[in-house]
Amino acid sequence: MMAGLCKFSTMPIKLMSAECVVVLGAYVTLLLLTHHVYHATDIGMASVTELLMSQMLSNLISIGVVYVGVSLYVHHLFNMLPLFIVGMIQMVIGLVWCVVVNNHYYKKRRKPRTAIIYKHQSNLDLLYETPYFHDKYDVCKLIENPPEDFAALRNELEGCEVLFSVGSSAEITNGLAKICVELNIIGYFMPRLGHIIMSGAEYMARFSLPTLCVRRAGGHSEYRFFKRTFDLFASLVGIVVASPIMLATAIAIKAEDHGPVFYRQVRLTKNGREFKILKFRSMKVNAEQDGVARLAGENDSRITKVGHFIRACRIDELPQLFNILVGDMSIVGPRPERPEIAKQYEESLPEFALRLQVKAGLTGLAQVYGRYNTEPYHKLQMDLLYINEMSVPTDLQLILATIKILFVKDSTQGIAQGQATALNDKKSHKAA
């Protein structure tokens, strides 16, 4: 389909030329990459709407990059009509494909026999909150806090095809992993913090026994150099590109209540160092005049009219590009927390400080796959997973994935009314 573009007289590249091959190769590569990042072909794992949105974003980004690249190559902007036509055709095909294949999947597919092993009822509730869980799995066995009798567990799991383990101890997890391999069961384990830390351990061949080395994260010098170089480049480009949006936002904020445009607040970054984060003000002036530090809640009366819009679109975060430019933050990293709120989290979850092994980030694993009101324990899990997997491909993948969450309203959902932090007293964190 993309090759047809080269037939248009407005496309400054001849059909079957070397340039056309490069363009087609770049387009297909980008399309495959963005489809992977956005899970655009994960049939049975997402709704038709989610799949279609993922495919649309994938197509738009791929076509947009190709257009910019070709325009730079030929030193002028060419007619976008051919690209627009290709994009529309692909979206129609994508819609039909999503509906037909997704419906066929649920009609023809037999739900696998599934066992769930959990420690507390709160663990089971958390798993059941997963969208479409009961549409995908036939839960035939529920085993709460089993004893370390692995022979009995093995007999119990005979005939199961899928296993979920939530909140299990290290001993139970190790035993279940072996049983999954022996019985050819697909096992999904919700990791404890120790499991996540060990998953990032380095194998050492310097001793006579197999040894895993755990150390504080830092990354290789080459990665640190690339990350800082990329932060400088991306923040500068971002400031230039987003300057019209930032100017319009500043005018809107000033016009609404004549208050200050920016909001500075102390946050934590690498090794617990404090810095002042810069954001567009989305709340009323003196929103915390009672002196109590609290996160924004659902239907929070402190949020201004402009604030509701810029928070939903994440525009309030754009001034953080200046924090990245000066080195307080990185493009990718854990969300910077306020010292007062971090202290409250650490009282019930001392390991929360482990997030501070790296610089705070504008986006990250927890920001992309969590929500604003995601509980601290689960944020910590995701942040530690990122810290273990820090690399150039991981950072680029998270940056691409961030584009998608701009269109997902749930990702900006506030905490419940009356709460000061994301801690949920109704849910247990005994799995920590």
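Residue check: Phe164 meets all listed conditions (1) over 26 Å from the mean Cα position of the chain (by Cα); (2) in contact (Cβ under 8 Å) with a residue 24 or more places away in the chain but one, namely (1). Restricting the first member to segment 313-326 and to residues that are within 15 Å of Leu236 (Cα to Cα), and the second to residues that are buried (at least 21 other Cβ atoms within 10 Å of the Cβ) and among the small types (Gly, Ala, Ser), the beta-carbon pairs closer than 7 Å and six or more apart or on different chains are Leu321/Ser235; Ile324/Ser235; Ile324/Ser330; Leu325/Ser235.
Condition (residue is assigned to a helix (DSSP H, G or I) and of a type in the set (Phe, Trp, Tyr)) applied to segment 180-195: is it met by at least one residue?
Residues of segment 180-195 assigned to a helix (DSSP H, G or I): 180-183, 193-195.
With the extra rule that they be of a type in the set (Phe, Trp, Tyr), the set shrinks to none.
No.
Go through segment 127-143 and count every residue that is farther than 27 Å from Gly370 by Cβ and touching a Phe, Trp or Tyr at 6+ places or on another chain (Cβ under 8 Å). Before you say what the answer is, go through the steps one by one.
Pass one, segment 127-143, residues farther than 27 Å from Gly370 by Cβ: 138, 140-141, 143.
From what's left, touching a Phe, Trp or Tyr at 6+ places or on another chain (Cβ under 8 Å): 143.
Result for segment 127-143: 1.
Only a single item in (1) at pLDDT below 90; (2) within 24 Å of the chain's Cα centre (by Cα) is not met by His120, and it is number (2). Taking segment 74-154 and the helices (runs of 4 or more DSSP H) fully enclosed by it, the elements with 1 or more residues that are exposed (fewer than 14 other Cβ atoms within 10 Å of the Cβ) and in contact (Cβ under 8 Å) with a residue 40 or more places away in the chain are at 81-108. If a residue has to be small (Gly, Ala, Ser) and modelled with pLDDT of 90 or more to count, how many in segment 162-205 make the cut? Within segment 162-205, residues that are small (Gly, Ala, Ser) and modelled with pLDDT of 90 or more number 4. Quick check on Val92: is it at pLDDT 85 or above and farther than 28 Å from Lys178 by Cβ? In short, yes. Which members of segment 328-353 meet the condition of being assigned to a helix (DSSP H, G or I) and either free of Cβ contacts under 8 Å to residues at least 60 places away in the same chain or charged (D, E, K, R) (or both)? Within segment 328-353, Glu340, Lys343, Glu346, Glu347, Pro350, Glu351, Phe352 meet the criteria. For residues that are in a helix (DSSP H, G or I) and over 23 Å from the mean Cα position of the chain (by Cα), scanning just segment 213-238, find the one that is surrounded by the most Cβ atoms within 10 Å (Cβ to Cβ). The qualifying residue surrounded by the most Cβ atoms within 10 Å (Cβ to Cβ) is Leu236.
Are any of the residues in segment 118-126 touching a Cys at 6+ places or on another chain (Cβ under 6 Å) and either outside the structural domain of His35 (by TED's automatic domain parsing) or over 26 Å from Tyr369 (Cβ atoms) (or both)? I'd like the intermediate steps shown before the answer.
To start, the set of residues in segment 118-126 that are touching a Cys at 6+ places or on another chain (Cβ under 6 Å) comprises none.
There is no residue in segment 118-126 that is touching a Cys at 6+ places or on another chain (Cβ under 6 Å) and either outside the structural domain of His35 (by TED's automatic domain parsing) or over 26 Å from Tyr369 (Cβ atoms) (or both).
Yes/no per residue for (1) buried (at least 16 other Cβ atoms within 10 Å of the Cβ); (2) under 22 Å from Gly364 (Cα atoms); (3) in contact with a helix residue (DSSP H, G or I) (Cβ under 8 Å, 6 or more places away or on another chain); (4) at pLDDT 85 or above:
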site	(1), (2), (3), (4)
Cys6	yes, no, yes, no
Leu15	no, no, yes, no
Glu19	no, no, yes, no
Thr34	yes, yes, yes, yes
Tyr38	yes, yes, yes, yes
Ala46	yes, yes, yes, no
Met53	yes, yes, yes, yes
Ile63	yes, no, yes, yes
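Evaluated against (1) under 22 Å from Thr29 (Cα atoms); (2) in contact with a helix residue (DSSP H, G or I) (Cβ under 9 Å, 6 or more places away or on another chain), Asn102 falls short on exactly one condition, (1). For first residues located in segment 58-69 and assigned by TED's automatic domain parsing to the domain that holds Pro82, partners that are of a type outside the set (Phe, Trp, Tyr) and not in a helix (DSSP H, G or I) and lie 6+ apart or on another chain with Cβ distances below 6 Å form the pairs Ser58/Ala40.
Rundown of residues vs (1) at pLDDT below 95; (2) outside the structural domain of Glu389 (by TED's automatic domain parsing), yes/no style:
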{"site": "Phe207", "(1), (2)": "yes, yes"}
{"site": "Cys213", "(1), (2)": "yes, yes"}
{"site": "Ser243", "(1), (2)": "no, no"}
{"site": "Pro260", "(1), (2)": "yes, no"}
{"site": "Gln265", "(1), (2)": "yes, no"}
{"site": "Leu268", "(1), (2)": "no, no"}
{"site": "Glu274", "(1), (2)": "no, no"}
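Starting from residues that are crowded, with 16+ Cβ neighbours inside 10 Å and under 18 Å from Leu385 (Cβ atoms), keep the ones in segment 169-194 and report whichever is farthest from the chain's Cα centre (by Cα). Reasoning before the result, please.
Just the residues of segment 169-194 that are crowded, with 16+ Cβ neighbours inside 10 Å, to begin with: 172-173, 175-176, 179-180, 185, 187, 189-193.
With under 18 Å from Leu385 (Cβ atoms) added as a condition, the list becomes 173, 187, 189-193.
On the way: Thr173: 26, Gly187: 23, Phe189: 19, Met190: 17, Pro191: 17, Arg192: 19, Leu193: 19 Å.
Ranking the candidates gives Thr173 first.
When Val68 is tested against the conditions (1) surrounded by 14 or more Cβ atoms within 10 Å (Cβ to Cβ); (2) within 29 Å of the chain's Cα centre (by Cα); (3) farther than 16 Å from Asp42 by Cα; (4) among the β-branched types (Val, Ile, Thr), the lone failure is (1). Checked against the criteria, Ser58 counts as crowded, with 20+ Cβ neighbours inside 10 Å and closer than 21 Å to Leu400 by Cα.
The values are calculated or read from the model by the stated rules, or taken from the named source; none is laboratory data. Keep in mind that what you see is a predicted model, and the values were worked out from it rather than measured. With ideal geometry, Cβ positions are generated from the backbone for all residues, glycine too; neighbour counts draw on all protein chains shown.
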